[in-house]
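First up is the structure itself, then whatever we jot down about it.
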Amino acid sequence: MNFVQPIRDPEKIAAMKKYLLQKSKRNYILFIIGINTGLRISDILQLKKEDLLQTHLKLREKKTRKEKRIRIPPAIRKELIEYAKTLKDGEYAFRSRQGGNRPIDRSTAYRILREAAEYVSLDEVGTHTLRKTFGYHFYQQTKDVAMLQELFNHSSPHITLKYIGVNQDAMDRAMLKYKI
């Protein structure tokens, strides 16, 4: 399994958004939901038209089987509603182009993200990068590790900080100053 990082640079995020939007509205929406909700890709891919029209995403997490209710940030809600209006009732938000009403699979989502990351010269990117990017920027904006721990269902703040790469940032800064 590859180790992936959050996208720390807001300019890289903006460039990826622009690239994905030029390629496909579906792929762009996939990206903005991921970086704005912190949901796992397995949960994002199960979303349907009706889910995008709500104020909250309500689901049972595939991995943990726990119920989850997360508010859709107002900053992306208008775009989600606009996109949802292009879908049929009951249609998956990230429908596969292979025919039928079924979502794209993880490997397709991975390829979409890798292509956009390559375009902006990022490596260590995968589907989990979306969740980590959300966590990293949520923490940078709020400094509320307890809330982030709750959102991610982590068992300790230490796990959460390590997961979002904050501990790595601190180690990198320390090593820049180190000299013997």
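The values are calculated or read from the model by the stated rules, or taken from the named source; none is laboratory data. As the structure is a computational prediction, the values presented were derived from the model and not from experiment. Virtual Cβ from ideal backbone geometry, glycine too; neighbours counted across all protein chains shown. Just so you know, the surface numbers come from the protein's heavy atoms only, side chains and all, with ligands and any DNA or RNA stripped out. Shrake-Rupley method; radii C 1.70, N 1.55, O 1.52, S 1.80 Å.
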(request) Scan Ala75, Ala84, Ala93, Ala109 and give me the residue that is of a type in the set (Gly, Ala, Ser) and loosely packed, with under 12 Cβ neighbours inside 10 Å. (result) Ala75
(message) On the basis of being more than 21 Å from Tyr139 (Cβ to Cβ), basic (Lys, Arg) and open to solvent by 90 Å² or more (accessible area, probe 1.4 Å), does Lys48 make the cut?
(response) no
(message) Go through (1) open to solvent by less than 40 Å² (accessible area, probe 1.4 Å); (2) out of contact with any Ser or Thr (no Cβ under 8 Å at 6 or more places or on another chain); (3) assigned to a helix (DSSP H, G or I) for Lys68 and report which single condition fails.
(response) (3)
(message) I want to confirm something. Restricting to the range 132-159 and keeping residues that are among the hydroxyl-bearing types (Ser, Thr, Tyr) and more than 21 Å from Ile32 (Cα to Cα), which single residue is least open to solvent (accessible area, probe 1.4 Å)?
(response) Ser156
(request) Would you check which residues across the range 36-58 are in contact (Cβ under 8 Å) with a residue 24 or more places away in the chain and in a strand (DSSP E or B) and list them? (result) Lys48
